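**Q** Would you mind keeping the following structure in view while I ask a few things?
Any read-out appearing in this document is the output of simple, stated calculations on the displayed coordinates, not a laboratory observation. The shown structure was predicted, so the numbers you read here are calculated from the model rather than taken from an experiment. Methodologically, a virtual Cβ is constructed for each residue, glycine included, from the backbone with ideal geometry; neighbour enumeration extends over all protein chains shown.
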Amino acid sequence: MEKWPIVTFILIFINLAVFLFTYDPYTNQVFDWVANDFGLIPQSLSLRIYTLITHMFIHTDIIHFIGNILMLSIVGLATEHKIGSLEFILFYFFSGLCVIPFAFLMEYLIGETFVLIGASGAIFGIMFLAGAIAGWEEVPVFLIPLLNIIAIPYILVTLKNVKVPLFVGIVFYFLLNVLLMFYNLPYSISEVAHLGGLFGGMVVFWLIPSKKTENKV
C-alpha cells in the first residue's frame with residue numbers, strides 16, 4: 001500500500017494559508033508590503049536571508065497560485081511515495097534555492113532590481129524529477145492547468161474520471177508559465193530565474209539512488 005504524500009499536503013496547506021492572508025481581492029494581487037518584505041530581492045539578499053525560504057510561499061495572483069498548487073499536487077502524488085517524504089521536501093527546497101544564482105544573473109542582464117516570488121522554481125525541479133521517474137503514470141486531467149479548462153465540461157457531461165500521462169501535465173504547466181510571463185512583460189522577465197529549479201531537478205535526478213529513479217509504470 002502506497003503511503004500518503006503527507007509532505008505534499010503540508011506544502012499545499014502552507015501555500016494556501018499564506019495566499020489567503022496575503023492576497024488582496026480588490027487588486028487580484030499579493031499585497032505590496034508582503035512582496036517587498038518577504039520576496040527575494042537579489043540586491044538585498046545578504047540583509048534578508050529569510051527570503052530564501054519565504055519567497056517560495058508567496059504568489060502574485062490567483063492564477064499564479066492555482067497553477068502552482070495544481071502542479072504541486074500532480075508531481076507530489078506521483079513522486080513523493082517513490083523517493084520518500086524526507087527526500088521530497090529536501091529536493092523541493094533545494095530546487096527552490098537553485099533559482100538564486102539565476103536571479104543574480106537576471107538582475108545583471110536586465111540591469112534592474114526586482115522581487116522574485118512564487119513556488120515555481122521548487123516545482124520546476126520536482127517536475128523534472130517526476131517526469132524522469134514517473135512520466136507515464138496517469139494523473140487526473142482536472143488537475144492539469146489549462147487542459148482542465150477544456151476537459152472539465154466533458155467530465156461533467158460524461159461523469160468519467162479522465163486521466164492522461166504525467167508528462168502531458170508537465171507540458172501544459174510549462175506552457176502556462178510561458179504564457180503568463182509574456183502576458184506580464186516586461187515585469188515578468190525576472191521569472192526566467194525560476195528555470196533554475198529545472199537545473200536543481202537535474203542535479204537531484206543524478207544524485208538520488210538509482211533504485212528510486214526507476215520508472216515503475
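**Q** Mind listing which chymotrypsin sites (Phe, Trp or Tyr not before Pro) in segment 4-97 are in a DSSP loop and have 15 or fewer other Cβ atoms within 10 Å?
**A** Here the chymotrypsin sites (Phe, Trp or Tyr not before Pro) that fit, given the DSSP loop and packing criteria, are Tyr26, Phe31, Tyr50.
**Q** Ignoring GluC sites (Glu not before Pro) that are buried or in helix or strand per DSSP, and keeping those with at most 16 other beta carbon atoms within 10 Å, what is the longest stretch of the chain between them?
**A** Working: sites that count: Glu2, Glu112, Glu214.
Longest gap between qualifying sites, sites excluded: 3-111.
**Q** Would segment 1-76 count as rounded, prolate or oblate if I go by the C-alpha gyration tensor, calling it rounded below 1.5 in a/c and otherwise prolate when a/b exceeds b/c, oblate otherwise?
**A** oblate
**Q** Just one of (i) 16.2, 51; (ii) 19.9, 80; (iii) 17.1, 55 is Rg and Dmax of the Cα atoms in Å as worked out from the coordinates here. Which one is it?
**A** Answer label, from the structure shown: (iii).
**Q** Using a Gaussian network model of the chain with C-alpha springs under 10 Å, which one of Leu147, Leu129, Leu52 is most mobile by mean-square fluctuation?
**A** In the Gaussian network model the winner is Leu147.
**Q** Oh, and also: By a straight-distance test (C-alpha under 16 Å), which aspartates and glutamates pair with Lys3 as possible cross-link partners, with residues fewer than eight away in the same chain excluded?
**A** Leaving aside aspartates and glutamates fewer than 8 places away in the same chain, those within reach of Lys3 are Glu80, Glu87.
**Q** Something else: In segment 76-93, which residues have a backbone nitrogen under 15 Å from the label point lying 7 Å from Ile10's Cα in the Cα-to-Cβ direction?
**A** Answer for this model: 80-81, 84-93.
**Q** While we're looking at this one, here's another question. Taking only complete DSSP H runs, can you tell me which helices of the chain stretch 20 Å or more along their own long axis by Cα positions and average at least 1.0 on the Kyte-Doolittle scale?
**A** 6-22, 62-83, 166-183
**Q** Within the chain, what is the longest stretch that has no trypsin sites (Lys or Arg not before Pro) placed in a DSSP loop and near at most 16 other beta-carbon atoms within 10 Å?
**A** Counting only loop sites that pass the neighbour cut-off, the longest clear stretch is 49-159.
**Q** Which one of Val141, Val162, Val204 has the biggest mean-square fluctuation once the chain is modelled by GNM with Cα springs under 10 Å?
**A** Val162
**Q** A further question on this structure: For each of Ser95, Ser120, Ser44, Ser85, count neighbouring Cβ atoms within 10 Å of the residue's Cβ, then give the residues from fewest to most.
**A** Ser44, Ser85, Ser120, Ser95
**Q** Quick one: grab the alpha carbon gyration tensor of segment 55-144, order the square roots of its eigenvalues as a ≥ b ≥ c, and give me rounded if a/c is under 1.5, else prolate or oblate depending on whether a/b is larger than b/c. All intermediate terms of the calculation are to be shown ahead of the outcome.
**A** Numbers: a/c = 2.39, a/b = 1.65, b/c = 1.44.
Because a/c hits 1.5 or more and a/b exceeds b/c, segment 55-144 counts as prolate.
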